[in-house]
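Here is the structure we will look at.
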């Protein structure tokens, strides 16, 4: 078990990649703390973790709120004494429209979750990691942070920001034994991808299936990514097997992005 008895805090743990990551970490022996706004979904994941014989603490959190993220860290540390691994997974897709049609509020809302939220969660847990001289942080990026995705400038710019955040934070935290890495998934099959394709279809007037085929053709494997495959990459970066890896951006994109 790669994460036996390690306290792993996963934000956005109620669905999709966050849910898959929580369950995969449980399989590896982790003690889970599940953070996010959808308490009902978090409780369902917690029950699934407990059904595996694991431990899961539900921590209602708004990652965009400074007091809420501070309380999140305090609650986990009170319950378990520490946070060994932060998986900063919370994120939203943002609007689908050309930049000149976006409102400032749409832009701000996307960056509030995808960038400010990551900053606040990292800042909440890092002081204790630094003091302890150990820890791992895994940020959830996207291949869209490195390649164009028409009508999604708010989202792609927010994910691009995480690349710089991960690299710089790795330099800042490395002297204290804390590693920081980023995972950049390709299109992950599921409701969120379906919603993105439907929004793109409405914005461009093209059929959903045609847009889906474009996604598939971008992959040498001609496939989308499974959330469980992203979760496996997160476990690797959180574990001692990646002890010499920090500041990296790991693509899990079925080859759709290779840089």
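Taken together, the values in this text are just the output of simple stated rules run on the coordinates, not laboratory data. The structure presented is a predicted model; accordingly, all values stated were derived computationally and were not measured. Note: ideal-geometry Cβ built from the backbone for every residue, glycine included; neighbour counts use all protein chains shown.
Here are some notes:
- Subtracting the Cα-Cα distance of residue 147 and residue 222 from their residue separation scaled by 0.36 nm leaves 25.2 nm.
- Working note: 222 nm ellipticity from helices only, DSSP H runs with n ≥ 4, each -39,500 (n - 2.57), summed and divided by the residues of the chain, gives -15000 deg cm²/dmol to the nearest 500.
- Acute angle (nearest 10 degrees) that the helix 208-217 long axis makes with the longest principal axis of the chain, alpha-carbon atoms: 70
- Rounded if a/c under 1.5, otherwise prolate or oblate - region 184-223, Cα gyration tensor axes: oblate
- Cα-Cα separations in region 106-259 greater than 24 Å, expressed as whole percent: 36
- As a proxy for reagent exposure, 176, 215, 259 were ordered by neighbouring Cβ count within 10 angstrom, fewest first; the result is 259, 176, 215.
- Listed from fewest to most Cβ neighbours within 10 Å, the set 129, 140, 1 follows the order 1, 129, 140.
- Taking a point 7 Å from the Cα of residue 160 along the Cα-to-Cβ direction, the residues of region 116-148 with backbone N closer than 19 Å to it are 116-119, 140-148.
- Separation of region 199-218 and region 224-246, taken as the distance between their Cα centroids, equals 29 angstrom.
- Per-residue Cβ neighbour counts within 10 Å put 146, 52, 159 in the sequence 52, 146, 159, beginning with the fewest.
- Under Stokes-Einstein, with the Kirkwood radius over Cα pairs as Rh, the value for region 1-92 at 20 °C and 1.002 mPa s is 171 µm²/s.
- Distance (nanometres) between label positions extended 7 Å along Cα→Cβ at residue 109 and residue 211: 1.8
- Taking N as its residue count, the alpha carbon Rg of the chain over 2.2 N^0.38 Å: 0.97
- Helix 227-238 axis, angle to the chain major axis (alpha carbon atoms, nearest 10°): 40
- Prolate is the label for region 198-259, because a/c, from the alpha-carbon gyration tensor with a ≥ b ≥ c as root eigenvalues, is 1.5 or above and a/b exceeds b/c.
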